[in-house]
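Note sheet for the following structure.
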Amino acid sequence: MSKYDVLKFCYDKLKLDEIKVWDVRLLEEGFPYDELGYGYEPWRNFASIQAELWREWAAIAELAEEKLANRQTKELKQDMQKGIILFLSILFWSNKKSVQLDNLLGEIQSLAHKPVNADERIGYILNRPNTYPAYMQLKSLMEEQKKMVAKLIALKKL
């Protein structure tokens, strides 16, 4: 379980059958594929689902930028939560691991394929999720990880 409020979830409403197959919409619930420990394992099939994850990020980013432009920072928190979930999923899954929320920053440090200072940057985002600088940091992390994923796929490591 995470110490960050933005990463605390309850999975009571999910049914076992729902996590046996891939559905990007389940990430709105948190990390069910990783935390519940059974069912579909996206980190084993990351190359096949990554395009859908990037599309999801584009939709979240568009909503977040609209709210930021209108100075709706209180409403931004939900979009940032979705973006953080998506980033952490992409980060861990592209390293062929499930998301580990216990000792999150330490786990991020141990990953081989990640943006520079990813642990410090995600720590900053988690402490200030509904701010413009946090959004810009998340956007930058996403862009850097997308390049890393493209490189891994080109080198046939994913």
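The values are calculated or read from the model by the stated rules, or taken from the named source; none is laboratory data. The structure presented is a predicted model; accordingly, all values stated were derived computationally and were not measured. All Cβ positions, even for glycine, are placed from backbone atoms using ideal geometry, and neighbour counts span all protein chains on display.
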Subject >> Tally, over segment 35-49, of residues that are under 20 Å from Gln81 (Cα atoms) and touching an Asp or Glu at 6+ places or on another chain (Cβ under 9 Å) >> reply: 1
Original post:
Filter segment 133-158 for residues that are under 15 Å from Lys77 (Cα atoms) and exposed (fewer than 14 other Cβ atoms within 10 Å of the Cβ); which is nearest to the chain's Cα centre (by Cα)?
Top reply: Met136
Original post:
What pairs come up if the first residue lies in segment 1-26 and is closer than 27 Å to Ile125 by Cα, the second is surrounded by 12 or more Cβ atoms within 10 Å (Cβ to Cβ) and of a type in the set (Gly, Ala, Ser), and their beta carbons are under 6 Å apart, counting only those six or more places apart or on different chains?
Top reply: Phe9/Gly30
Subject >> Unmet requirement for Glu75, which otherwise passes all of (1) charged (D, E, K, R); (2) modelled with pLDDT of 95 or more; (3) in contact with a helix residue (DSSP H, G or I) (Cβ under 6 Å, 6 or more places away or on another chain) >> reply: (2)
Original post:
Which members of segment 6-29 meet the condition of being loosely packed, with under 11 Cβ neighbours inside 10 Å and under 15 Å from the mean Cα position of the chain (by Cα)?
Top reply: Arg25
Original post:
Only one residue in Glu66, Glu107, Glu62 is out of contact with any His (no Cβ under 8 Å at 6 or more places or on another chain), crowded, with 17+ Cβ neighbours inside 10 Å, at pLDDT 95 or above and of a type in the set (D, E, K, R), so which one is that?
Top reply: Glu107
Original post:
If a residue has to be of a type outside the set (Lys, Arg) and touching a Leu at 6+ places or on another chain (Cβ under 8 Å) to count, how many in segment 51-80 make the cut?
Top reply: 9
**OP:** Please enumerate the residues belonging to segment 30-58 that are free of Cβ contacts under 8 Å to residues at least 24 places away in the same chain, farther than 18 Å from Val149 by Cβ and surrounded by fewer than 18 Cβ atoms within 10 Å (Cβ to Cβ).
**Re:** Gly37, Tyr38, Gly39, Tyr40
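Yes/no per residue for (1) small (Gly, Ala, Ser); (2) under 22 Å from Glu62 (Cβ atoms); (3) in contact with a helix residue (DSSP H, G or I) (Cβ under 6 Å, 6 or more places away or on another chain):
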residue: Ser110; (1), (2), (3): yes, no, no
residue: Ile125; (1), (2), (3): no, yes, yes
residue: Pro133; (1), (2), (3): no, yes, no
residue: Leu138; (1), (2), (3): no, yes, yes
residue: Met142; (1), (2), (3): no, yes, yes
Original post:
Looking at Phe87, is it under 23 Å from Lys147 (Cα atoms), touching a Ser or Thr at 6+ places or on another chain (Cβ under 8 Å) and not in a loop (DSSP other than H, G, I, E, B)?
Top reply: no
Original post:
Residues in segment 108-116: is at least one closer than 13 Å to Leu141 by Cα and assigned to a helix (DSSP H, G or I)?
Top reply: yes
Original post:
Based on what the data block shows, is Leu68 of a type in the set (A, V, I, L, M) and closer than 22 Å to Arg128 by Cβ?
Top reply: yes
